[in-house]
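What follows draws every value from the coordinates through simple rules; no lab data is involved. This is a predicted model, so every value here is computed, not measured. With ideal geometry, Cβ positions are generated from the backbone for all residues, glycine too; neighbour counts draw on all protein chains shown.
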Amino acid sequence: MKTLFKLIIFLILTLGNSFAEDYSGFSFGYTKHIAEDPHDSGGTTYFSDPEDNGFVIGFFSGQKSDGTAIEGELSYYSEVTQKLTSDVTVDVSTFSSMLNVMATPGEADFYGILGGGVGIGYTTVDTSYKSGSTTFNGDEKTFQFGYQFMLGFGSDNYEIILKRSNFGEVEGGSGTTSAGGTYVADEFDNIYNSIVFKVKY
C-alpha cells in the first residue's frame with residue numbers, strides 16, 4: 001500500500017510540473033455503506049441491498065492550476081455491520097488508495113469540483129453465521145480495483161465533496177461450520193456514498 005501511494009505521488013509530481021499550486025491535507029466525512037447485489041458463491045441470491053452508516057478519514061496530496069487538479073488520496077472507511085440475511089451478519093471495512101482528476105472551474109475563493117478517480121481497495125469482511133445451534137465465523141481480505149465519482153465545491157483551503165466509491169465485488173469467510181458442514185463465502189459489491197470535508201494546507 002505504501003509503495004502504491006509513493007507511485008501515485010510520483011505520477012502527480014511528474015504529470016503536474018506545470019501546475020502552480022501544490023497542496024496536501026486531511027479529510028473526514030460521513031458514509032453510507034451499501035452491500036449491493038449480495039449473494040453467496042454457491043449461486044444463492046439474497047434479494048436485498050443492506051445499508052449501514054459509518055465514517056471515512058483520509059490524507060491527500062496534489063497539484064491544482066488553471067481549472068484542473070490531480071491528487072493522490074489514502075482513505076480508511078470505518079467498520080460497518082451489514083445483515084445480509086436473518087442468519088448472516090458481516091462486518092466490513094476498507095482501506096483505499098486512489099488517483100483523482102478533477103475539473104475545478106471558478107476562482108480561488110470559490111470554485112466547483114467535478115471529477116473521478118481510480119485505484120484499489122483493500123477490504124476485510126468478517127462473517128458471522130448462526131442457524132439454530134450451527135455457527136460459523138471467518139473473515140476474508142480482498143484487493144480490488146476501485147473507482148469513484150466526485151461532485152462538490154471549494155473555498156480557499158476547504159472543500160466539501162459528495163463521492164460515490166465502488167471497490168468491486170468482495171467476499172467474506174468460508175470454511176467448516178460448527179456442525180461439520182461447508183460454509184460458502186458471501187459476496188457483494190462494496191459501495192460507499194460519502195459526504196466529505198477536506199482541509200488543505
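Please check which bits of the range 111-131 a label hung off Thr68 would reach, taking the label as a point 7 Å along Cα-to-C-beta and the cut-off as backbone N under 20 Å.
Once the point is set 7 Å along Cα→Cβ of Thr68, 111-119 turn out to lie under 20 Å by backbone N, inside the range 111-131.
Which whole-number percentage describes the relative contact order of the range 146-201, with Cα contacts under 8 Å and a sequence gap of 6 or more?
39 percent
Within a Cβ distance under 9 Å of Thr142, other residues only, what is the Lys/Arg minus Asp/Glu net charge?
Residues near Thr142 contribute -2 overall.
If Rh is defined by the Kirkwood formula over all Cα pairs and Rg also comes from Cα, what ratio Rg/Rh do you get for the range 85-197?
Using Cα coordinates only, the ratio equals 1.19.
Between Val184 and Ile57, take the C-beta separation as r, use R0 = 30 Å, and let me know the FRET efficiency to the nearest 0.05.
0.35
Would you mind calculating the relative contact order of the chain from Cα pairs under 8 angstrom and at least 6 residues apart, reporting the percent as a whole number?
That works out to 21 percent.
At what distance in nm do the modelled label points of Asn157 and Tyr76 sit from each other, each positioned 7 Å from its Cα along Cα→Cβ?
2.4 nm
With a 10 Å cut-off between alpha carbons and a GNM built on the chain, which of Thr89, Thr127, Thr45 moves the most?
Thr45
Report the full-extension gain for the segment Phe149 to Phe110: residue separation times 0.36 nm, less the Cα-Cα distance, to one decimal in nm.
12.0 nm
Relative to the longest principal axis of the C-alpha atoms of the chain, give the angle of the C-alpha long axis of helix 2-15, reported between 0 and 90° and rounded to the nearest 10°.
30 degrees
So how long is each side of the chain along the principal axes, counting just the alpha-carbon atoms, biggest first, in Å?
64, 29, 24
Calculate for the chain the 222 nm mean residue ellipticity that helices alone would give, adding -39,500 (n - 2.57) per DSSP H run of length 4 or more and normalising by residue count, nearest 500 deg cm²/dmol.
Rounded to the nearest 500, the figure is -2000 deg cm²/dmol.
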